[in-house]
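**Q** Pasting a structure below so you can have a look.
The values are calculated or read from the model by the stated rules, or taken from the named source; none is laboratory data. It should be emphasised that the depicted structure is a prediction, and the values quoted were computed from it without experimental measurement. FYI the Cβ positions are ideal-geometry reconstructions off the backbone, even for glycines, and counts take in every protein chain you see. Only protein heavy atoms, including side chains, enter the accessible area calculation; ligands, DNA and RNA are left aside. Shrake-Rupley method; radii C 1.70, N 1.55, O 1.52, S 1.80 Å.
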Amino acid sequence: MFLFRRNGLRVTVDEARSRTGGDQPDAVLLDVREKPEWTAGHAPGAVHAPLSKLVVGGILPDEAEGRPLVVICRSGHRSQRAARVLIERGAQAVDVEGGMNAWAAAGHPVVDARGNSGRIA
């Protein structure tokens, strides 16, 4: 079951990984960075939907449609905005504190567009 936190709509990177990883994740990790950032490095299994497209009414990728969303960006600022946009559309969404910078700092994997070791851009 996917629940919002009492202290707002934010989760830690460890909570994000727990909710979106494994064989049967209860949420989708939605990366809202722009394509060059995504291509350089993202969390394995994440789904890409740039904030620039979401704010103008862009649709979610099929893998994210109708699912609880854990939204991530580079530092946590764009993901907060994206989570608000998605909640206004009726989605269940939280954002990741510290974004991909915190994800990588916690030692969680980052892959590039080819599945090789990636970097945060």
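**Q** Suppose we filter Ala106, Ala113 for residues that are of a type outside the set (Asp, Glu), farther than 15 Å from Leu29 by Cα, at pLDDT below 95 and open to solvent by 10 Å² or more (accessible area, probe 1.4 Å); which single one remains?
**A** Ala113
**Q** Give the residues of region 41-66 that are surrounded by 19 or more Cβ atoms within 10 Å (Cβ to Cβ) and either more than 10 Å from Asp31 (Cα to Cα) or hydroxyl-bearing (Ser, Thr, Tyr) (or both), sorted by residue number.
**A** Scanning region 41-66 gives Gly41, Leu54, Leu60, Ala64.
**Q** Do you know which of the residues in region 40-65 that are among the small types (Gly, Ala, Ser) and under 21 Å from Ser18 (Cβ atoms) is farthest from the chain's Cα centre (by Cα)?
**A** Restricting to residues being among the small types (Gly, Ala, Ser) and under 21 Å from Ser18 (Cβ atoms), the top hit is Gly41.
**Q** So if I check each of Asp23, Asp62, which one is modelled with pLDDT under 95, more than 20 Å from Gly118 (Cα to Cα) and either among the acidic types (Asp, Glu) or in contact with a His (Cβ under 7 Å, 6 or more places away or on another chain) (or both)?
**A** Of the residues listed, the single one that is modelled with pLDDT under 95, more than 20 Å from Gly118 (Cα to Cα) and either among the acidic types (Asp, Glu) or in contact with a His (Cβ under 7 Å, 6 or more places away or on another chain) (or both) is Asp23.
**Q** Can I ask one more? Can you tell me which residue is nearest to Ala104 (Cα to Cα) among those in region 3-17 that are modelled with pLDDT under 95 and open to solvent by 60 Å² or more (accessible area, probe 1.4 Å)?
**A** Filtering region 3-17 for residues that are modelled with pLDDT under 95 and open to solvent by 60 Å² or more (accessible area, probe 1.4 Å), the one nearest to Ala104 (Cα to Cα) comes out as Arg10.
Residues checked against (1) open to solvent by 50 Å² or more (accessible area, probe 1.4 Å); (2) under 14 Å from the mean Cα position of the chain (by Cα); (3) not β-branched (Val, Ile, Thr):
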{"residue": "Arg74", "(1), (2), (3)": "yes, yes, yes"}
{"residue": "Val85", "(1), (2), (3)": "no, yes, no"}
{"residue": "Ala93", "(1), (2), (3)": "no, yes, yes"}
{"residue": "Gly118", "(1), (2), (3)": "no, no, yes"}
